[in-house]
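One structure below.
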Amino acid sequence: VKTMSTSRKQVAFLFGEGANASAAVLGGKGAGLCELVKSGLPVPPGFTVTTSVARAYAQHRTLPVRLFGQLERNVRQLERLT
């Protein structure tokens, strides 16, 4: 898998982090899960990747380099929570 240049833009959000992001950014399901967490409903720990990552991969078969570090961070957080 090819990778794109790095940036500080967040592209992977834990459900609790993405509560203010729109469905255009997180996708409908991702935004919905973030809203459920924000509302205080019990949701298993998880994270979502932005739609921009999915589009980049679909169009160019590339992933942003920053994604990998953010995935590692989120997986470590999930391990702590579970």
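Pairs of Cα atoms nearer than 8 Å and 6+ residues apart set the relative contact order; for the chain it is 42 percent.
A value for mean projected area of the Cα convex hull in nm² was derived from the coordinates, and within the list (i) 5.5; (ii) 5.8; (iii) 5.2 it appears as (i).
V25 contributes an accessible area of around 60 Å² to the protein surface, as traced by a 1.4 Å probe with all chains present. Within the shell of other residues whose beta carbon sits under 15 angstrom from the beta carbon of E72, the net charge comes to +3, with Lys and Arg scored +1 and Asp and Glu -1. Exposed loop sites, defined as trypsin sites (Lys or Arg not before Pro) outside DSSP H, G, I, E and B with at most 11 other Cβ atoms within 10 Å, are absent from the longest region of the chain, namely 10-60. The solvent-accessible area of E79, taken with every protein chain present and a 1.4 Å probe, is close to 120 Å².
The values are calculated or read from the model by the stated rules, or taken from the named source; none is laboratory data. Just so it is clear, the model here is predicted, and its values are computed rather than measured. Note that we place each Cβ from the backbone using ideal geometry, even for glycine, and neighbour counts take in every protein chain shown. What goes into the accessible areas is simple: the full protein's heavy atoms, side chains included, and nothing from ligands, DNA or RNA. Shrake-Rupley method; radii C 1.70, N 1.55, O 1.52, S 1.80 Å.
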